[in-house]
Amino acid sequence: MKLRKVTAASATVFALALTATACGGDNDSGGSGSGDGKTITVGIKFDQPGLGQKTPQGYAGFDVDVATYVAKKLGYNADQIEWKEAKSADRETMLQRGDVDFIAATYSITPERQEKVDFAGPYLLAHQDVLVRADDNKIKSPKDLNNAKLCSVTGSTSAQNVKEKLAPKAQLQPYPTYSACLPGLQNGAVDALTTDDSILAGYAAQSQFKGKFKLGGFKLTNENYGIGVKKGSDLKDKINKALEDMVADKAWQEAVDKNLGPANYKNEPAPKIGEIKS
């Protein structure tokens, strides 16, 4: 009889432990987009003004606004979003490990990346372009970059592509970051800066640079920004629906105008889901 009592008590404790574990699971990051979880974890850039930037006031930028809208459609309020920095080299690994539920971080959809992760979208069609001083009327086409001093950022291939394919006489000037290029562009140390037009517009839209720079409008490449999710994730279809809703209710264009408009960014119309322009 004594053995049976101990066994029954142990069973009761075990059952309570299982119940507690199940309840605790409801407070973890949902990952399924059901809104049942306490938080959803989203990867963004922390250092791209106008797109994804960590500021003393919080997080700001077009990608942040898109991610916040999507998360709300998935059932999460803004205060339920846990933001994580998604550096370019880390994005696929973060998704594969499950460190984040999705990533919105100027993440161009490419065949190589699609082998490792899935993409919702695209939600923005950007182009490689150049940024020049607002009063510079000499650089009107890519060939005008010949003999110009072109900011070359460590780890970026944009400037090298221009030199190899469009302006072989361009003089590449090495800088550690795009942010470091801007004062050089302003004071004439360099004549132009090149990367995605959306990124350039984000930098130029900063209050200290308003009206001082302009985009060339060259559209050198197509960059289809998508929202990355883990391979096979059911979030892909849900996020696609959220993006369609964002365009339909005008919130998408409002986010573009708010974050990139100050640089006179001429955005492409919102791309159709699944339409990848090469």
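Within segment 65-79, one or more residues are touching a Ser or Thr at 6+ places or on another chain (Cβ under 7 Å), open to solvent by 40 Å² or more (accessible area, probe 1.4 Å), over 19 Å from residue 275 (Cα atoms) and hydrophobic (A, V, I, L, M, F, W, C).
At least 2 residues being among the hydrophobic types (A, V, I, L, M, F, W, C) and at pLDDT below 50 is the threshold, and among the helices (runs of 4 or more DSSP H) wholly inside segment 1-102 those reaching it are 2-25.
Scan 278, 198, 179 and give me the residue that is among the hydroxyl-bearing types (Ser, Thr, Tyr) and modelled with pLDDT of 95 or more.
Values: 278 fails: modelled with pLDDT of 95 or more; 179 fails: modelled with pLDDT of 95 or more.
Exactly one of 278, 198, 179 is among the hydroxyl-bearing types (Ser, Thr, Tyr) and modelled with pLDDT of 95 or more, namely 198.
Residues of segment 39-54 that are surrounded by fewer than 20 Cβ atoms within 10 Å (Cβ to Cβ) and without any contact (Cβ under 8 Å) to a residue 60 or more places away in the chain: 39, 46, 54.
Checked against the criteria, residue 89 counts as of a type in the set (Gly, Ala, Ser), open to solvent by 40 Å² or more (accessible area, probe 1.4 Å) and either free of Cβ contacts under 8 Å to residues at least 40 places away in the same chain or more than 25 Å from residue 249 (Cα to Cα) (or both).
Only one of the numbered conditions (1) closer than 18 Å to residue 60 by Cα; (2) small (Gly, Ala, Ser); (3) buried (at least 20 other Cβ atoms within 10 Å of the Cβ) is violated by residue 228, and that is (1).
For residues in segment 202-218 being out of contact with any Lys or Arg (no Cβ under 9 Å at 6 or more places or on another chain) and at pLDDT 95 or above, which is farthest from residue 88 (Cα to Cα)? Steps first, answer last, please.
Let us first name the residues in segment 202-218 that are out of contact with any Lys or Arg (no Cβ under 9 Å at 6 or more places or on another chain), namely 202-203, 205-211, 218.
Okay, now just the ones that are also at pLDDT 95 or above, so 202, 218.
Values: 202: 17, 218: 24 Å.
This residue is 218.
Checked across segment 115-125, the condition of being modelled with pLDDT of 95 or more and surrounded by fewer than 17 Cβ atoms within 10 Å (Cβ to Cβ) holds for at least one residue.
The values are calculated or read from the model by the stated rules, or taken from the named source; none is laboratory data. Since the structure is predicted, the reported quantities are computational estimates derived from the model, not experimental observations. Cβ: placed from backbone, ideal geometry, glycine included. Neighbour counts: every protein chain shown. With ligands, DNA and RNA removed, areas are computed over all heavy atoms of the protein, side chains included. Shrake-Rupley method; radii C 1.70, N 1.55, O 1.52, S 1.80 Å.
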